[in-house]
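The values are calculated or read from the model by the stated rules, or taken from the named source; none is laboratory data. The model shown is predicted, which means the values in this text are computed figures rather than measured ones. We place every Cβ from the backbone using ideal geometry, glycine too, and count neighbours over all the protein chains shown. What goes into the accessible areas is simple: the full protein's heavy atoms, side chains included, and nothing from ligands, DNA or RNA. Shrake-Rupley method; radii C 1.70, N 1.55, O 1.52, S 1.80 Å.
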Amino acid sequence: MARLFNRNFIVGVTGSIAAYKAAELVRSLIRDGANVRVIMTEGAREFITPLTLQALSGHEVHTDLLDTEAEAAMGHIELARWADALLIAPATADSIARLVQGRADDLLGACALATPAPIFVSPAMNQEMWAKQATQDNVQTLIARGIAILGPSSGSQACGDVGAGRLLEPDDIVSAIAEQLSTGALAGRHVVITAGPTREPICPVRYISNRSSGKMGYALAEACINSGAKTTLISGPVSCEPPAGTTVIEVETTQQMFAASMAASATADIFIGAAAVVDFKPATVSDRKIKRSGVKTMNLSLVPNPDIVASVAGSESRPRLVVGFAAETHDVQAYARKKLASKSLDFIFANDVSDQSIGFNSEKNAGVLIGRNSEITMPMSSKRVLAESIIRELSNVLG
Ligand code: C5P
């Protein structure tokens, strides 16, 4: 089962004898559908060669923070942003201590600081080192910061000791991560999401539309599925692949998206309007192709389309949470707040589409999730990580 389908993992391998198990771990993650990039510390390279992990991951292994060539190919910040999760396995006592201190003098430490993605740590060390108060205190600090500690298990150790400190089996690490990423926080809930652009026909061959790729809406659907929600995606024409398990309703015009949204939202707990809806449509649609010859000026008379998210928010069967998106080029937050109020929304995600690196068509996004009494800044990250953060916030509010 591809439980980690298309998720981007950085696997950080540190200098433990258990580093040889990283090979099986990388294979196991890839078998489960993940894309894997490996970072090896200097210590790790004493135990297993980068070539092994390069062959298994299909990508050059990252080793140095200050290597200009590697930085030019995929710099550490880029790598940290690419990740949907960072897994440090095996994690030595020293690497755990470094993580606690926030050290950034090697590539792994810098990525751990720079990534907005969740971090998983699988310790492996001598049982005495694991039991030491210093290590236990460090582990508790990481847990308090929201870092998941997977293992260690107990048994006979490479050094001849017996006790706790063995790296969890690679398949068990992957299963634990898959389970933790699938939060179940929305089990039993129904979420309806609009995504992509709408199209308003002018004649049989021309239409008015916009540059929306649908990526944000589809990432939200994936986060909902992973949280156990029944998920309905009402999608305009896009080339995204819907996540397995989603009910997809394909639409073209705003009127079709409106009708599907009103019907589906009647049973929804959350409605998210992530679509870039075309606000105006031609007053009349020609049933024949409009010819160019002899036309000096062409006037299109447009009439307004319904506001879908506002209509859902104002409906009798209003879902508990109605969420909009505000893509703006200036005064982003001020406009977003106005929309939150005028459309009677519970939340609005405000993002600046004048920044070419985020928003429309980009793989990344960043912005602020504005509630009636709250404001959460979400740093630039993959649309998947961002979608997971948004869905986590919404499920917390839903309780
Ligand atoms: O007003 P504006 O288009 O900027 O508002 C954006 C939000 O409203 C998005 O959530 C979008 O999906 C939603 N919207 C809608 N129906 C429209 C226009 C926008 O649902 N006709």
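Rolled with a 1.4 Å probe across the full set of protein chains, the surface gives residue 111 an accessible area near 0 Å².
Of 376, 358, the residue with the largest accessible area leads and the full order is 376, 358 (1.4 Å probe).
Surface analysis of region 290-388 yields an accessible area of 54 Å² per residue, using protein heavy atoms and a 1.4 Å probe.
Ligands, DNA and RNA left out, the accessible area of the chain computed with a 1.4 Å probe is 50% carbon and sulfur. Of the trypsin sites (Lys or Arg not before Pro) in region 213-315, the ones in a loop by DSSP (not H, G, I, E or B) with at most 14 other beta carbons within 10 Å are 288, 289, 291, 292, 296. With N as its number of residues, region 44-177 has a Cα radius of gyration that, divided by 2.2 N^0.38 Å, comes to 1.08. How many angstrom lie between the C-alpha centres of region 33-91 and region 149-223? Between the Cα centres of region 33-91 and region 149-223 lies a distance of 21 Å. Measuring between alpha carbons in the structure, the pairs from 289/364; 230/289; 132/383; 343/383 lying more than 32 angstrom apart are 289/364; 230/289; 132/383.
Within 10 Å, Cβ to Cβ, of residue 109, how many net charges do the neighbouring residues add up to if Lys/Arg are +1 and Asp/Glu are -1?
0
How charged is the neighbourhood of residue 329? Take every other residue with its Cβ under 14 Å from the Cβ of residue 329, and add Lys/Arg as +1 and Asp/Glu as -1. That works out to -3.
P(r) tail for the chain: Cα pairs beyond 30 Å make up 48% of the total. Region 261-302 and region 124-140 have their alpha-carbon centroids 62 Å apart.
With all protein chains kept in place, the per residue accessible area of region 186-278 amounts to 37 square angstrom at a probe of 1.4 angstrom. Counting Lys and Arg as +1 and Asp and Glu as -1 over every other residue whose Cβ lies under 10 Å from the Cβ of residue 252, the net charge comes to -1. Looking at region 41-179, the accessible area is 47 square angstrom per residue; that uses a 1.4 Å probe and ignores ligands, DNA and RNA.
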